[in-house]
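One structure follows; several queries about it will come next.
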Amino acid sequence: MLLELKNVFKWVQSSSNPVFLLKDINLQVREGEFISIMGPSGSGKSTLLNVIGMLDGFNEGEYNFMHESVHSLKEKQRANLYKEYIGFVFQAYHLLDDLTVEENLEMPLLYKKVKSGERKARVADMLDRFRIVGKKDLFPAQLSGGQQQLVGVARALIGNPKLILADEPTGNLNSKQGEEIMDLFKQLNEEGVTIIQVTHSEKNAAYGQRIINLLDGRMV
Amino acid sequence: MFKNHLKIAWRSLKKQPFFTFLNIFGLAIGMAGGLLISLYIYDELSFDKMFLDAERIHRINVDVKFGGEAMFSAEASAPMAEALKNDFAQVENSTRLRDQGSRLIRKENSTANIKEENTAFADENFFEFFGLELLHGDVNTALKEPNTLVLTETAANKHFPSENALGQTLILSNNETYRVTGVMEDLPKNSMLREHAVFMAMVGHEDAWEGAWGSHNYFTFIKVLPGANMAAFQEPLQSMVGTYVIPYVQRYFPGITEEQFRASGNYLNFSTIPLTDIHLHSNAFMELSANSKVENIYILTFIALFLILLASVNFMNLSTAHSLKRAKEVGVRKTLGSNKRELIRQFLTESAMVSLISLALAISVAWILLPFFNDLAGKDIKMPFTSPFFWLILFAATTLLSLFSGSYPAFFMSRFMPVDVLKGGGTSNVGGSAIRNSLVVFQFTISVLLIIGTIVVYQQLNFIQNKDLGYSKEQVLVVNDVFTVGDQVQTFKREVDKLTPVAASTLSSYLPTPSARSNTSFFQEGAEEQENAINMQQWFVDHDYINTLDLEILAGRNFDREFKTDSTAMLLNETTVSVLGISPEEAIGMRISGDLGAENPEFFTVIGVIKNFHFSSLRDRIGSLSMVLGDFSSALSIRLNTSNFPEAIASIENIWNQVAPGQPFDYYFLDESFNQTYEAEQRLGKIFIIFTLLSLLIACLGLFGLAAFNAEKRTKEIGVRKVMGANIQQIAYGLTLDFLKLVGLAIFIALPLGWLAMSKWLEDFTYRTNVGVEVFIFAALIAVLIAIITVSYQSIKAAIVNPVKSLRTE
């Protein structure tokens, strides 16, 4: 078992009544799964993904990630946990504009205090694997959306995470670019990486082995 | 990691050239200003510290009241120095300087005189006492013999351009022969002796050895033993009054006791002031050289701190404003595993980089401006580039500054939570606007304060220039050193009077601007007790004095050539008659003598009373003054009735060259001399203006950046408003108004503070301008106007953007 959410509730206090963002979520994810989260706008998909990614907290319930009880950890410990095991892919790519492709890939390793030699090797390896060696000195603004997302995925992957969380990774891409990214996810999943994606598209959702539907913060 | 920080810092600075420029430019201006002021303050604080054992040297001050006039003098009586050394164990040594003012000096066998502005008699041990060394000659024997003198290097080169000065003969004032026994290095600019160039041997100056305890003409310095308690020394110092001064006074008032002397309201108090305090803390009568006021140092320190603070506030404001753009970066970095500390480090690296670039710029700017600044401040400051200390302090200060200005943005930005800032394109709630707004208010408060300060200083200067002084200072030319003409003086005056551009002229050394003064005690006939003595200025003038200076006679008449008896006639001023408690008319015919205690006193008869005129600084009340006819004069004051000065001067010089061939023709205008009296205020005024402009500039840079940020933040809102039908004016007005509210608040805070501060400053002047409402209205208007100009550019720019463009960000 990679992670488990038990009776997770999340709400915000608005005037008198709490507004529930997540209601009684129970979810178990095994290693090697590829899960798609679907639902209409405002159903809590991204919130759920943020909770799983430990970027956001919750109000009630339990969350165990690789035998650690996340709900009882301090913020810093949580950060160490996701730093170690989770890679994020964003709809808007969120590459750092001031850094080249190579430097963007290198950054997570810097934070993990990986030695220079090994950093270089892993970056080179990743550039090679994603076939973007020729782009390594370019800045994000010089790349197409599809290429940027490719770098985004490579960056998420470079720290050897157990889990990749992708929030509408193809949302800003045209269908061909989107397909390429989804094929890439599929391939990564086959290599053993656990993936949870949020998507609007039935077609993309179909890449996953399991679909979770959310409505008003509740799993249906 | 650090390399990575540097790289990112550099790239993000490069990527935002506009913000980077505002930041660096603002900081550099603040730093350059701060650097210049610091150098100035350092120079002021270093005064007289270069002398040997400076910390053990003290000067004797004398606080004396005799005959109604009180005087706090920097000079003591001639026998004081010797007595101090003999009577007090803690006094290790003492020395004296008797200022002689300007002297005409010429070489033997030459008729051409050269003027030395500052000469003095110095005791034999003077150089040794202050640790001054001679370049040529023996320091121990140089002033041992009468009629020997020591020149500074500059003076030596002036009088002996191509030969060795040592051993040469010089003629002073055309009649005293001196031998040059030493040449010394020029005296440091930051010492009280900076203007002195000629030191004559005291042994040849008779007055120094006659034991006159009653007149105070000698700068007296003592060197005390290490660790001597100066506070405990003040009390025994007073005993000298009983020991020496009273016996001396008894020569003139037989049988008088110290009690009687003091009971009549007179007093004589001795005190000491440390040598190193003189420049900033002493404001006695007849200082050796012009001193500064420690208040000005405080004012400047505040201005320097303000400038740097303003620049630093700018930095914070612009950085946090800019953080909108960095929010995403923070979020991404956090999801990629960065912790808060790493982020803080990175932002601090950026602020350090900006500070260092600013420092480099600031040093260059300060270096370029230094000559102008020196000119303005009347200093000779050099950049201490070779001093490791200078660099150490500079880098320490810059580090502190970058930590100070970088810390708020760093902590502010590192707080962003990824889940907030990575949501969609959302960059809406950056926050921190309350702090940014207060920073703007702070900047404008200081700017408004400085504007008020500038206006009031200039109003006071203007008030001084235009005040009715009781005499007319315009178009009066003063020719110096007319005594060199010898018995031709009257001929010179007569010839000058004949010139068409000359309205009148008068021979007198005594002028309402800084010139000769002589203070004497007088008594009325029949009231010869010393408690009834009147202490007043006695000026020696001629018949044309009143006309030339446009003085007004209130009662009686002016001196008249028709009346032979006018050689014993006297004019009094209003203050004198009001001190005597009589009306001007009652004063006419009064008989007054200055020969206190003499057998057959010579009496003057009061023939007229003149309307008060300001003959000392407007800081002081008008004192008592009397005028009598006198012969010996060193200056001819000439009222011109033309504005073609060069021509008038040329024709006067022409006459001069006929009556006094070879003598230097030295002149000045009375109003120039008057203005010099207020040089300190004028400097302060200029410094105020410059630093007010700088601080306004910095505040504007900040406001400009902030307006840009604000417009950007509200792009969407503006777009929506425009779609809903708002026009450009309405939007620009709305954006501008937001900032005007802040400026309004700043004005509201600054006005009372400014009023308080400037009223306090004006208290120093007995005659002063009023701080009127218009000053505040004007200051407020300037601030508002500047704010509107600064902000409206950005507001209009934001308002004319096509909403299709601004709403596309979603």
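In the calculated pair distance distribution of segment B:299-435, what percentage of Cα-Cα distances lie above 19 Å?
Working: 5564 of 9316 pairs.
Tail of P(r) above 19 Å: 60 percent of Cα pairs.
So, one more: For segment B:239-318, calculate the relative contact order in percent as a whole number, restricting contacts to Cα pairs under 8 Å that are 6 or more residues apart.
Computed over segment B:239-318, the figure is 16 percent.
What helices does chain B hold that run 20 Å or longer along their axis, going by alpha-carbon atoms, with a Kyte-Doolittle average of 1.6 or more, using DSSP H for the helix calls?
Details: long enough: B:17-45 (40 Å, 1.37); B:294-335 (56 Å, 0.75); B:340-377 (50 Å, 1.03); B:388-414 (36 Å, 1.38); B:433-466 (49 Å, 1.14); B:645-659 (21 Å, 0.22); B:679-713 (50 Å, 1.10); B:728-762 (48 Å, 1.30); B:773-799 (37 Å, 1.97).
Qualifying helices: B:773-799.
How big is the dipole moment of the protein assembly as shown about its Cα centre under a simple scheme where the beta carbon of each Lys and Arg is +1, that of each Asp and Glu is -1, and everything else is neutral? Debye, nearest 20, please. All intermediate terms of the calculation are to be shown ahead of the outcome.
Values: 91 positive and 109 negative charges, 1634 e Å.
Result for the protein assembly as shown is approximately 7840 debye, rounded to the nearest 20.
Can you grab the distance from the C-alpha centre of segment B:653-668 to the C-alpha centre of segment A:157-220, Å, no decimals?
Each part reduced to its Cα centre gives a spacing of 103 Å.
Averaged across B:5-14, how many Cβ atoms of other chains sit within 10 Å of each residue's Cβ atom? All intermediate terms of the calculation are to be shown ahead of the outcome.
On the way: counts 1, 0, 3, 5, 1, 1, 7, 3, 1, 1.
Taking the mean over all residues of the peptide, I get 2.
Let me ask another. Kindly write out, for segment B:142-158 in residue order, the coupling ³J(HN,Hα) from the Karplus curve 6.51 cos²θ - 1.76 cosθ + 1.60 (θ = phi - 60°), rounded to whole Hz, with x marking Gly and Pro.
4, 10, 6, 9, x, 6, 10, 8, 10, 10, 6, 4, 4, 5, 4, 5, 5
In addition: Could you sort B:W10, B:W213, B:W391, B:W367 by their accessible area in this structure, using a 1.4 Å probe and putting the largest first? Don't skip to the end; give the middle numbers.
Numbers: B:W10 125, B:W213 20, B:W391 80, B:W367 145 Å².
I get B:W367, B:W10, B:W391, B:W213, largest accessible area first.
Can you list residues from other chains, or at least 5 along the same chain, whose modelled amide H is less than 5 Å from the amide H of B:S94?
Placed amide hydrogens put B:K223 under 5 Å from B:S94.
What is the local net charge at B:R714, summed over the other residues whose Cβ is closer than 13 Å to its Cβ (Lys, Arg +1; Asp, Glu -1)?
Working: positive: B:K713, B:K716, B:R721, B:K722, B:K797; negative: B:E712, B:E717, B:D738.
So the surrounding residues net to +2.
I'd like the accessible area for A:K186: 1.4 Å probe, protein heavy atoms, all chains in place, Å² to the nearest 10.
Surface open to solvent at A:K186 totals about 90 Å².
Using θ = phi - 60° and the Karplus curve 6.51 cos²θ - 1.76 cosθ + 1.60, what whole-Hz ³J(HN,Hα) does each residue of segment A:205-217 get, with Gly and Pro shown as x?
My calculation for segment A:205-217 gives 4, 5, 5, x, 8, 9, 10, 10, 9, 10, 9, 6, x Hz in order.
Quickly estimate the mean residue ellipticity at 222 nm for the protein assembly as shown, helices only: each DSSP H run with n ≥ 4 gives -39500 (n - 2.57), and the total goes over all residues, rounded to 500. Mind showing how you got there, number by number?
On the way: 32 runs with 470 residues, N = 1030.
Computed mean residue ellipticity for the protein assembly as shown: -15000 deg cm²/dmol.
So, with +1 on the Cβ of K and R and -1 on the Cβ of D and E, and no other charges, what is the size of the charge dipole of segment A:3-219 about its Cα centre, to the nearest 20 debye? Write out the running numbers ahead of the final one.
Working: 26 positive and 28 negative charges, 62 e Å.
Taking the Cα centre of segment A:3-219 as origin, the dipole is about 300 debye.
Equivalent-ellipsoid semi-axes (√(5λ), Cα gyration tensor) for segment B:533-638, whole Å, largest first? If you can, show how the numbers build up before the last one.
Details: eigenvalues 74, 67, 44 Å².
Equivalent-ellipsoid dimensions as semi-axes: 19, 18, 15 Å.
Continuing with this model, one more query. Through the Karplus equation 6.51 cos²θ - 1.76 cosθ + 1.60, θ set to phi - 60°, convert the phi angles of segment B:207-219 into ³J(HN,Hα) values in whole Hz; use x for Gly and Pro.
Once rounded to whole Hz, the list reads 3, 5, 10, 8, x, 7, 7, x, 10, 10, 10, 10, 5.
Considering the alpha-carbon set of segment B:495-573 alone, what are its Rg and its Dmax in angstrom?
15.3, 52
Can you send over the carbon and sulfur percentage of the accessible area for the protein assembly as shown, probe radius 1.4 Å, protein chains only?
Details: 24870 of 45570 Å².
Exposed carbon and sulfur together represent 55 percent of the surface.
Between segment B:284-346 and segment B:471-538, what is the separation of their alpha carbon centroids in Å?
57 Å
In Å and whole numbers, how far do the C-alpha atoms of the protein assembly as shown stretch along each principal axis, longest first?
131, 65, 59
Average projected area of the Cα convex hull of segment A:89-134, in nm²? Display every interim value, and only then the final one.
Numbers: hull surface 14.6 nm².
Average projection, Cα convex hull of segment A:89-134: 3.7 nm².
Further question: Quick one: which residues, 5 or more positions from B:L625 or on another chain, have an amide H under 5 Å from its amide H? H modelled 1.01 Å from N in the peptide plane, none for Pro or chain starts.
Answer set, sorted by chain and number: B:Q537, B:N573, B:T576.
While we're looking at this one, here's another question. Size of segment A:1-114 along its principal axes in angstrom, Cα-based, largest extent first?
Principal-axis extents of segment A:1-114 (Cα, largest first): 48, 31, 28 Å.
Where the centroid of each part is defined by its Cα atoms, how far is segment B:134-169 from segment A:119-150 in Å?
What the calculation gives is 82 Å, centre to centre.
Over both sides of the B-A contact, add up the buried accessible area with a 1.4 Å probe and give it to the nearest 100 Å². The partial results should precede the final answer.
Values: alone 36630 and 11180 Å², together 45570 Å².
Buried: approximately 2200 Å² between A and B.
Could you tell me what percent of the DSSP beta bridges with both partners in segment B:148-295 are antiparallel, to the nearest 5?
Numbers: 7 of 12 bridges.
So the antiparallel bridges in segment B:148-295 amount to around 60 percent.
To make sure I understand the rule: partners must be lysines, Cα under 29 Å from the Cα of B:K493, and not fewer than 8 residues away in the same chain. Which ones qualify?
B:K107, B:K115, B:K473, B:K564, B:K611
In units of 2.2 N^0.38 Å, what is the alpha-carbon radius of gyration of segment A:3-219?
On the way: Rg = 17.6 Å, N = 217, 2.2 N^0.38 = 17.0 Å.
Normalised Cα radius of gyration, segment A:3-219: 1.03.
With the calculation restricted to Cα positions, what are the radius of gyration and Dmax of segment B:61-141 in angstrom?
Considering segment B:61-141 through its Cα atoms, Rg and Dmax are 17.3, 50 Å.
Please work out how much accessible surface B:L785 shows to a 1.4 Å probe, ignoring ligands, DNA and RNA, in Å² rounded to 10.
For B:L785, solvent-accessible area is about 110 Å².
Another question, if that's okay. Under 5 Å between amide hydrogens, which residues at least 5 positions from B:A212 or on another chain qualify, with H placed 1.01 Å from N in the peptide plane?
Those qualifying (amide H under 5 Å, at least 5 residues apart or on another chain) are B:A78.
Tell me, what is the 1.4 Å probe accessible area of B:F632, in Å² to the nearest 10?
150 Å²
I want the local charge near B:I796. Using Cβ-Cβ distances under 15 Å, sum +1 for each Lys or Arg and -1 for each Asp or Glu among the other residues.
Once all neighbours under 15 Å are counted, the net charge is +2.
Count the DSSP beta bridges whose two residues both fall in the protein assembly as shown, then state the antiparallel fraction as a percent rounded to the nearest 5. Let's see the in-between values first.
Details: 89 of 126 bridges.
Bridges in the protein assembly as shown are about 70 percent antiparallel.
Right, something else. Quick one: in segment B:476-677, what % of C-alpha pairs are over 30 Å apart? Show your work: numbers first, answer last.
Working: 5213 of 20301 pairs.
It works out to 26 percent of all Cα pairs.
I've got another one for you. Sorted from largest down, what three extents in whole angstroms do the Cα atoms of chain B have along their principal axes?
107, 59, 58
If you average over every viewing direction, what projected area does the convex hull of the Cα atoms of segment B:68-228 give, in nm²? Intermediate results must be reported in sequence, preceding the final value.
Details: hull surface 44.5 nm².
Over all viewing directions, segment B:68-228 projects a mean Cα-hull area of 11.1 nm².
Starting from the residue with the highest accessible area, list A:M1, A:M182 in decreasing order, probe 1.4 Å.
Values: A:M1 110, A:M182 0 Å².
Descending order: A:M1, A:M182.
Moving to a separate point now. Counting alpha carbon pairs within less than 8 Å and at least 6 residues apart, what relative contact order, in whole percent, applies to chain B? Don't jump to the answer; show the numbers that get you there.
On the way: 1384 pairs, mean separation 127.4, N = 810.
Once normalised by length, the contact order is 16 percent.
With every protein chain kept in the model, how would you rank B:K223, B:K379 by accessible area, 1.4 Å probe, largest at the top? Before the final figure, lay out each step's value.
Details: B:K223 10, B:K379 35 Å².
So the residues, ranked largest to smallest area, are B:K379, B:K223.
Where does the charge balance sit around B:V139 when Lys and Arg score +1, Asp and Glu -1, over other residues with C-beta under 10 Å from its C-beta?
Numbers: positive: none; negative: B:E128, B:E133, B:D138.
Summing Lys/Arg as +1 and Asp/Glu as -1 gives -3.
Quick one: which of A:K162/B:K340; A:K135/B:K14; B:K325/B:K716; A:K112/B:K15; A:K112/A:K136 span more than 19 angstrom between C-alpha atoms?
Details: A:K162/B:K340 24 Å; A:K135/B:K14 22 Å; B:K325/B:K716 15 Å; A:K112/B:K15 27 Å; A:K112/A:K136 21 Å.
Checking Cα-Cα distances, A:K162/B:K340; A:K135/B:K14; A:K112/B:K15; A:K112/A:K136 exceed 19 Å.
If you take the Cα atoms of segment B:660-810, find Rg, then find the Kirkwood Rh from the mean of 1/r over all pairs, what is Rg/Rh? Display every interim value, and only then the final one.
Working: Rg = 24.6 Å, Rh = 19.4 Å.
Rg/Rh: 1.27.
The values are calculated or read from the model by the stated rules, or taken from the named source; none is laboratory data. Quantities reported herein were computed from a predicted structural model and do not represent experimental measurements. Counting neighbours? That spans all protein chains shown, and the Cβs are built from the backbone with ideal geometry, glycine included. These accessible areas exclude ligands, DNA and RNA; they are computed on the full protein's heavy atoms, side chains included. Shrake-Rupley method; radii C 1.70, N 1.55, O 1.52, S 1.80 Å.
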